[in-house]
Amino acid sequence: HSFPTRRSSDLHERGLASATIINYTGIVQDFIAANPMLPDALCPKDIHAFIHRCSVKLSRRRLQLVVTALRSFLRYLQQRGKISGDLAAAVPTVANWRRADLPKTITPEQVETLLATCDPATTAGRRDRAILLLLARLGLRASEVVAMRLDDIDWAAGTFIVRGKGSRREPMPLPEDVGKALADYLSDGRPACTSRRVFVRLCAPYRGLKNASSLCDIVKRTLARTGINAPFKGAHLLRHS
């Protein structure tokens, strides 16, 4: 396809956080895969169909991120002269009122059950356990876990840097069980690759996990193994719990 890609200068000019870039890129890639035609052939119907498909499997909060990323991408296409109309205006708004739902949590015992299902004898088990511990013990956002880099961990001090919203970088303590799980994965599980991200794909090409949806899939698979019928099956389930 001939969709343009953002240059690094565009990212620096906008001052986007690395976690935001990762999330936006994954969403845009999914949108392009669903609409593999020339940009000027896009129409509001294509946008609405993509958002409708996303709405079936995503939470309202995640769907809001999809909408925001799409508007940003469509404005970018218009700015580059790839589309003539303002298709960003055709992206619908997603309502997400605060406290509209009951809290989505599971019990501490169920959290421990989830962690216990990760097989430490396998690469996938070591990786997934480290991810689930970061979500459950420290309450990190999925995007923050995805954005973690090898250079963010200070083993001597027992701390690591969280790449949060608004380009913030905050130091956090690394609890013993979380640190051990990370060390087990990095020393015996993480494939050798050029990516500086902590968590990478299990299969080649070895690169950083795509976005927060990758972590949601891990949580869903773990819930399915345990048979826990959680009220919500995304990565935020463990953050809230």
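The values are calculated or read from the model by the stated rules, or taken from the named source; none is laboratory data. Computed from a prediction, not measured in an experiment: that's the story for all the values here. Cβ sites come from the backbone with ideal geometry, for glycine too, and all protein chains shown count toward neighbours. All accessible areas refer to the heavy atoms of the entire protein, side chains included, with ligands and DNA or RNA removed. Shrake-Rupley method; radii C 1.70, N 1.55, O 1.52, S 1.80 Å.
Can you tell me which residues in the stretch 105-144 are in a helix (DSSP H, G or I), of a type outside the set (A, V, I, L, M, F, W, C), farther than 30 Å from Arg168 by Cβ and open to solvent by 10 Å² or more (accessible area, probe 1.4 Å)? It would help to see each step written out before you state the result.
So in the stretch 105-144, the residues in a helix (DSSP H, G or I) come out as 108-116, 123-138, 142-144.
If we keep only those that are of a type outside the set (A, V, I, L, M, F, W, C) too, we end up with 108-110, 112-113, 123, 125-129, 137, 143-144.
Checking which are farther than 30 Å from Arg168 by Cβ leaves us with 109-110, 112-113, 123, 125.
Once the filter is applied, which keeps residues that are in a helix (DSSP H, G or I), of a type outside the set (A, V, I, L, M, F, W, C), farther than 30 Å from Arg168 by Cβ and open to solvent by 10 Å² or more (accessible area, probe 1.4 Å), the stretch 105-144 yields Glu109, Gln110, Glu112, Thr113, Thr123.
Against the condition over 25 Å from Asp119 (Cβ atoms) and among the polar types (S, T, N, Q), how does Thr194 come out, does it pass?
yes
Condition first: of a type in the set (Ser, Thr, Tyr), farther than 16 Å from Ala147 by Cα and open to solvent by 50 Å² or more (accessible area, probe 1.4 Å). Now tell me which residues in the stretch 170-221 satisfy that. I'd like the intermediate steps shown before the answer.
In the first step, residues of the stretch 170-221 are kept if they are of a type in the set (Ser, Thr, Tyr); the result is 185, 187, 194-195, 206, 213-214.
In the following step, the residues that additionally are farther than 16 Å from Ala147 by Cα were identified as 185, 187.
Hit for the stretch 170-221 is Ser187, nothing else.
Table: residues versus (1) at pLDDT 90 or above; (2) under 23 Å from Ala19 (Cα atoms).
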{"site": "Cys54", "(1), (2)": "no, yes"}
{"site": "Ser72", "(1), (2)": "yes, yes"}
{"site": "Gly81", "(1), (2)": "no, no"}
{"site": "Val94", "(1), (2)": "no, yes"}
{"site": "Leu115", "(1), (2)": "yes, no"}
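Out of the residues in the stretch 145-183 that are aliphatic (A, V, I, L, M) and in a strand (DSSP E or B), state the one that is modelled with the highest pLDDT.
Applying the first criterion (aliphatic (A, V, I, L, M)) to the stretch 145-183 yields 145-148, 150, 153, 156-157, 161-162, 172, 174, 178, 181-183.
Still in the list and also in a strand (DSSP E or B): 153, 161-162, 172.
Details: Ile153: 96, Ile161: 93, Val162: 92, Met172: 92.
Residue satisfying both the conditions and the ranking: Ile153.
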